[in-house]
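The values are calculated or read from the model by the stated rules, or taken from the named source; none is laboratory data. Every value quoted in this text rests on a predicted model; they were computed, and no experiment measured them. Here the Cβ positions follow ideal geometry from the backbone for every residue, glycine too, while neighbour counts run over all protein chains shown.
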C-alpha cells in the first residue's frame, strides 16, 4: 500500500512538472509572429506520417538510419510495457496483462529482442560519437553541453534497457522458484542468458526485480522531464514540426505582406493597405521570427546533417546551419527566462543577431537549400537566415559594400551590374 | 555555326504592333542580357526556338531584373518594386507562358510573382528543350557529334532542390549518345557552385577554400570532356574553377542550350 502511494505520488509529480515545462515551451514558441500553416491538412498529415513516423529522409544515410529505427521502435514499443507498469504500480498488481496468455509471451519476448536492439544501437552510437569521433558531431557549436546531452541520452537508454532485462531475468527465476506473486508469464529470449549472473536466494531476487522495476519507471519519468532541456525533444516535436513544415517549393521565399502594402502605396496613391502585423522588417531577435521558426529550434536534435552538406561550412566558413538552430533555441530560452523573472517587455540589451549569430555567418549563405533538404525532420535554417538578412538590409542598411552596390545597380539600372538598360537587348544585335 | 544570329529576334512591342501574340515569352534575364558568356546561351536558346518554328518574343529593353538577388540579399522592398513593375509589363502584354534562360528568374517568376499578381506558366529552358525532344520537334542531328564524349551535369540549386527539376536537363543530354557521368554529389544532394543567395555579387567570407573550387574538383574527378550547366551563374563559377585548375584546354563548360544548338548544327 505504501509502495502504491509513493508510486502514484512520483508519477503525478513527474507529470505535473512535465506539463509545467511544456507550457513554458509553448509560451516561448508563441513569442514568434504568426504564420499560416493551416492549409492542405491532408498533405500535411501524409508528410508527417512519411517523414516523422516513416523516417524516410533518414535513409539517405542507411547505417545510422537503420540503427536509429531500431532504437526508435524499441524505445516506443517497449513503452507499451510502461502502461503495464503504471497499472501495476497504481493497483499493486503484478504483470496485470499476463492474463492474455500466449500474446503476452509474444509481447514480452518481442520487447526483450527490441531492448537488446536498443542497447546495441545506443552502444554503436556512443562509439560513433566518442571513439570514432565522426566529423558530423563536431563543430564550433558542439560545445561541452551538446556533446554531454547526446551521451546522457544514450547512456540513459542503455541503463533503462539493462534494468528492463535484469528485471525480467529476476522475474523468470522467481517464477521457477514458485515465489508468491510471481505468476508464470512471459517469454524471455534475451534475459534468460542473464539468469546465471543473478543470485539464487529468493529475497535477493525480489530485491533485484523490484529495484529494476522502480529504476525503470522512475528512469522513464526523469527522462520525460529531461526532454524539454535536451536535443532529445525531437521525439515529440518531430511530429508537429513535419506537419507544419513548408510545403511550397524550396526555392520560394515568402513575400512580405507589410512590404507589399508599402510598395503598392508607393506605386498607387489611391491604394489603401490591408491590416498587416506590426513589427520590424526581418528579424533582430527571436520574437521577430515566426512560431514555425521557433518550433524548428526546439525540434532540432543537432545531428549535423545540415552542416555537413552546407557549401559554406564545407569550405571552412563560419556558417553552420545547425548553429543557427541551436542559437535560436538558446536565445529563445534566455528570453523566456527573462520573462519568468521580470515579466513581459524586459529588454536585456541582447539580440539573436550579433549576440548569438554573427553577420559573417548570415552573409556566407548561398541559399542553396542543401540544409533544408538534408534535415530528416524538415527544419528550415534558411528561413531564419533570410529573416536576419532582411533585418540587416531593411532596418539597418547594413550589408557588405558589394551587396549594397548590387542593390544600387538594380534600383538604378534594373540589373545587378552597372550596365545601361538601353543596352539590354544588344545581345541580339552584335556578337 | 556562326555566333551571329541570321534572323531577327522579335520583341513583344513589335508583335503587338503587328497584332500578333507569341506562343511563349523568352525571359532572358540580366546575365543572359549583359554577361558575354551568358549571351551566347541566350542566342542559342533563340536559335533553338527559331529552328523549331515556335512563335516567341522577348521583352528587349522592357525587361528588368526579376529582383531575385535583391530578395535573397534581404531587400524585400527592392524585390517587390522590381516584381510589381515587371508584372505590370507582363500583364499588359497578356503573357501566359514564359521560358527563362536562368533558374533564378525561373524560380522567382514561377513561385514568387503569383502572390504579387503575376501568374504565368513558367518553364526553364532545359524543360523546353526536353519537351521539344519529347514531341519529336528537336533531335540531335545535323551538327556536332557528342558521341562517346563524357558529360557531367551540374544541378543548379534553384532548378534542382529549389524546384525539383532534375530530369529535364538530363533528358536533354541523353539524346546525344554521349556518356553521362554523375558527380558524387548530384541531384537533391548536389553541391552549390557558390553563386546563389547573392554570393555572385560579393567576395566570399573567410574560409579555407572557395566553393566553386570544391565543386570543380568533384566535377574533374569524373574526368569529363564537358561539364554541362543550366544557369549563367553556375557557368561563371564553374568556368572560373576550370581555368584556375588549368583544365580549360581539356574540359569545356557548356550550357545545355549550347550543347543542344551545337548538336543540331544551329
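Below are the figures for this structure:
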quantity	calculated
Matching option when the condition is without any contact (Cβ under 8 Å) to a residue 24 or more places away in the chain and surrounded by fewer than 24 Cβ atoms within 10 Å (Cβ to Cβ), among A:267, A:318	A:267
Residue match in the range B:117-135 (condition: facing chain A (nearest Cβ under 10 Å) and modelled with pLDDT of 95 or more)	yes
Those residues of the range A:346-361 which are within 13 Å of chain B (Cβ to nearest Cβ) and crowded, with 24+ Cβ neighbours inside 10 Å, in sequence order	A:353
The range B:56-80 residues that are facing chain A (nearest Cβ under 7 Å), paired with ones that are part of a strand (DSSP E or B) (beta carbon under 8 Å, 6 or more apart)	B:60/B:11; B:63/B:27
Count - residues of the range A:52-91 that are touching a residue at least 24 places away in the same chain (Cβ under 8 Å), within 14 Å of another protein chain (Cβ to nearest Cβ) and surrounded by fewer than 16 Cβ atoms within 10 Å (Cβ to Cβ)	1
Of residues in the range B:63-93 being in a loop (DSSP other than H, G, I, E, B) and under 16 Å from residue A:386 (Cα atoms), the one nearest to the chain's Cα centre (by Cα)	B:67
Matching residues, the range B:1-25, being outside any loop (DSSP other than H, G, I, E, B), within 12 Å of chain A (Cβ to nearest Cβ) and over 21 Å from residue B:99 (Cβ atoms)	none
Of residues in the range B:36-62 being out of contact with any helix residue (DSSP H, G or I) (no Cβ under 6 Å at 6 or more places or on another chain) and outside any helix (DSSP H, G or I), the one nearest to residue A:425 (Cα to Cα)	B:58
Entirely in the range A:220-317, the helices (runs of 4 or more DSSP H) that have 1 or more residues that are touching a helix residue (DSSP H, G or I) at 6+ places or on another chain (Cβ under 9 Å) and at pLDDT 95 or above	A:234-243, A:291-299, A:305-309, A:311-314
